[in-house]
Amino acid sequence: MEITADSTSGSVNRPEAEPPIILLPLVPSAFNAVLDMRKPIIAANWKLNKGPSDTEDFIRGFESKLADFPKGVDIVLAPPFVSLVKATELLSQSRVRVSAQNMSEQDNGAYTGEISAFMLKEIFVQYVILGHSERRSIYGETDAIINAKVLKAHEVELKPIFCIGETLQEREDGKLEKVLRTQITDGLKDVTEKQMLDTVIAYEPVWAIGTGVTASPQQAQDAHAFVRSVITDLYGISVSEKVRIQYGGSVKPGNAAELLGQKDIDGALVGGAALEVSSFADLIKNGVPE
Ligand code: PEP
C-alpha cells in the first residue's frame with residue numbers, strides 16, 4: 001500500500017479500508033529531548049570566596065580542562081556578587097553558566113545592600129541559588145521570603161537553584177519528610193508548571209554541608225525520591241520526572257560517582273570541593289561518566 005504525506009497539512013492520505021498506522025514523531029531532536037530529560041547539573045557554590053581576580057584565575061584554569069569533560073552535563077559557577085561580571089564576561093562563549101548565590105525579592109528602592117533580579121539579568125547571569133541553608137539559618141530567610149525570590153527570579157527568566165534540607169535534629173526527630181514537604185510547598189507556592197521545569201531543586205541536608213559528613217547514597221536517594229514524590233503531588237508525574245534534583249553536602253571527587261549514580265540524583269551543588277580547579281574538574285569527571 002502506498003502511503004503519502006500531504007506536504008501542506010502534514011497529514012497522511014491512505015485508502016479507507018486499511019487499519020490506521022501510527023507514525024511516531026521520533027525525529028532526532030525529539031529523541032534527544034527524551035534522552036536529555038534530566039541532564040545532570042553540577043554547580044559550584046563559592047560562598048564568600050574568590051573576588052574578581054581569583055575568579056579569573058579559576059576560570060582560566062577550568063576552561064583549559066573543559067575539553068576533557070563529559071558533554072552531557074550542565075556546569076554552573078556561582079561566585080560572589082562582585083565577581084559575577086568578570087565571570088559572565090570570561091564565560092560568554094563557554095558552555096559553563098553563571099549563577100548568583102542570592103538576590104533580593106525587591107525590584108529597586110530603599111533596600112541598602114541588596115541586588116535585584118533585573119541587575120543579575122543585565123550582566124547575563126542565568127541561575128540564582130535561593131534558600132541556601134546558610135541564608136535560612138544565618139540571615140533568617142523564611143519559606144515566604146524564599147518563595148518571593150523564586151517568583152521574582154522566574155519573572156525575569158533567571159533559573160532558581162532552590163535549596164531545601166533538614167537539620168540533624170529534625171532528621172533524628174523523624175521530621176525529615178514534614179520539613180521537606182513544607183519547604184517545597186511554601187517555597188514553590190504559585191510557581192507554574194512551566195516555571196517548575198526551569199527550577200532546579202538542591203536537596204542539601206544541613207548536617208552534611210561543609211562538615212565533611214556526607215549522606216550515604218541510600219539516604220540521599222531516599223530523600224530525593226521523597227522530594228520528587230512531593231513534586232508529583234503538586235505538579236503531576238510528567239513534570240516531576242523532568243525536574244532536576246541536585247544533592248549537596250560534602251560532595252567530593254571520591255564520592256561523586258556513587259551519589260550521582262542514584263536514580264533520583266541529577267547532579268550536585270558543591271561548596272568546598274569546588275574551590276580548586278583540579279578537585280572540581282575531577283568531581284565532574286567522576287560524577288558524570290561519558
Ligand atoms: C553548599 O555550600 O551548598 C555545600 C554543599 O557545601 P559543601 O560541599 O562544602 O558541603
- If the Cβ limit is 8 Å and pairs must be 6+ apart or interchain, which residue in region 258-280 that is under 26 Å from LEU48 (Cα atoms) and of a type in the set (S, T, N, Q) pairs with which residue that is away from the ligand (no atom under 11 Å from the Cβ) and assigned to a loop (DSSP other than H, G, I, E, B)? SER279/PRO253
- Note on the structure: Looking across region 268-285 at residues that are under 16 Å from ALA208 (Cβ atoms) and crowded, with 24+ Cβ neighbours inside 10 Å, the single one that is farthest from the ligand (Cβ to nearest atom) is LEU283
- Message: Checking HIS154 against (1) within 16 Å of the chain's Cα centre (by Cα); (2) in contact (Cβ under 8 Å) with a residue 60 or more places away in the chain, only one condition comes out false. Which one?
- Response: (2)
- Task: Just give me the residues in region 157-171 being in a strand (DSSP E or B) and surrounded by 24 or more Cβ atoms within 10 Å (Cβ to Cβ), in sequence order.
- Result: PRO160, ILE161, PHE162, CYS163, ILE164
- Item | Filter pass, ILE284 being modelled with pLDDT of 95 or more, in a loop (DSSP other than H, G, I, E, B) and under 15 Å from the mean Cα position of the chain (by Cα) | no
- Message: Name the single residue that is modelled with the lowest pLDDT among those in region 35-50 being touching a Lys or Arg at 6+ places or on another chain (Cβ under 9 Å) and surrounded by fewer than 17 Cβ atoms within 10 Å (Cβ to Cβ).
- Response: MET37
- Filter result for VAL213 (farther than 17 Å from HIS132 by Cα and in contact with a Leu (Cβ under 7 Å, 6 or more places away or on another chain)): no
- Do you know which residues across region 102-138 are among the aromatic types (Phe, Trp, Tyr), within 16 Å of the ligand (Cβ to nearest atom) and assigned to a loop (DSSP other than H, G, I, E, B)? none
- Report yes if ILE201 is of a type in the set (Val, Ile, Thr), within 19 Å of PHE162 (Cβ to Cβ), outside any loop (DSSP other than H, G, I, E, B) and within 16 Å of the ligand (Cβ to nearest atom), otherwise no. yes
- Item | Residue list for region 228-256, restricted to those being away from the ligand (no atom under 16 Å from the Cβ) and not in a loop (DSSP other than H, G, I, E, B) | ARG228, SER229, VAL230, ILE231, THR232, ASP233, LEU234, TYR235, ILE237, SER238, VAL239, SER240
- Unmet requirement for GLN183, which otherwise passes all of (1) within 16 Å of the ligand (Cβ to nearest atom); (2) assigned to a loop (DSSP other than H, G, I, E, B); (3) in contact (Cβ under 8 Å) with a residue 40 or more places away in the chain: (2)
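State whether one or more residues within region 211-222 are aliphatic (A, V, I, L, M) and away from the ligand (no atom under 15 Å from the Cβ).
Within region 211-222, not a single residue is aliphatic (A, V, I, L, M) and away from the ligand (no atom under 15 Å from the Cβ).
The values are calculated or read from the model by the stated rules, or taken from the named source; none is laboratory data. Nothing here was measured: the structure is a model prediction, and the numbers come from that model. Using ideal geometry, Cβ is built from the backbone for each residue, glycine included, and neighbour counts are taken over all protein chains shown.
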